[in-house]
Amino acid sequence: MIKDGFGIWYTSAEVRAIKKAYRKGTRLECLNDTDHYHPIDPGTRGTVEEVDAMGNIYIRWDDGRRSHMMADRETIRIIDAYELEEKKDGNHI
């Protein structure tokens with residue numbers, strides 16, 4: 001990661017790793033959002049729409065909102081397949 005007077009920039013290797021980890025359709029949960037104006041509430045779930053060339057993760061949240069997040073600035077977690085299957089079956093973890 002590169003920091004300069006304009007912000008934070010990911011290296012091309014970091015962007016490739018982010019794209020691999022956050023593929024289109026990946027389910028996420030917001031744990032903490034650093035946006036002070038329109039934060040996503042902790043516990044809100046969403047789906048990755050895309051990761052751009054700068055490493056921004058674009059998400060459509062289940063509450064209808066859309067936002068983009070940076071993997072290292074906001075706290076998001078990938079919801080694993082087991083957890084998704086449990087929810088689909090109506091079981092709670």
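Determine, for each peptide in 33-39, 52-58, 9-15, the mean count of other beta carbons within 10 angstrom over its residues, then list the peptides with the highest first.
Order by mean packing, descending: 52-58, 9-15, 33-39.
Take Met69, Met1 and sort them by solvent-accessible surface of the protein heavy atoms, 1.4 Å probe, largest at the top.
Met1, Met69
Say each of Trp9 and Leu84 gets a label point 7 Å from the Cα, pointing the same way as Cα to Cβ; how far apart are those two points in nm?
For Trp9 paired with Leu84, the spin-label model returns 3.4 nm.
Roughly how many Å² is the accessible area per residue of the chain, as a whole number, for a 1.4 Å probe?
68
Could you order Asp4, Asp41 so the one with the most accessible surface comes first? Probe is 1.4 Å.
From most accessible down to least: Asp41, Asp4.
(1) 12.1, 33; (2) 15.1, 52; (3) 14.1, 49: which one is Rg and Dmax of the Cα atoms in Å as calculated from this entry?
For Rg and Dmax of the Cα atoms in Å, the calculated option is (3).
Could you work out how much longer the chain between Ala53 and His68 gets when fully extended? Use 0.36 nm per residue separation minus the Cα distance between them, nm to one decimal.
4.1 nm
In whole percent, and with a 1.4 Å probe on the protein chains, what portion of the accessible area of the chain is carbon and sulfur?
The nonpolar share, carbon plus sulfur, comes to 52 percent.
The values are calculated or read from the model by the stated rules, or taken from the named source; none is laboratory data. Here the structure is a predicted model, which is why all the values come from computation and not from measurement. Cβ coordinates were reconstructed from backbone atoms using ideal geometry, including for glycine residues, and neighbour counts include every protein chain displayed. Just so you know, the surface numbers come from the protein's heavy atoms only, side chains and all, with ligands and any DNA or RNA stripped out. Shrake-Rupley method; radii C 1.70, N 1.55, O 1.52, S 1.80 Å.
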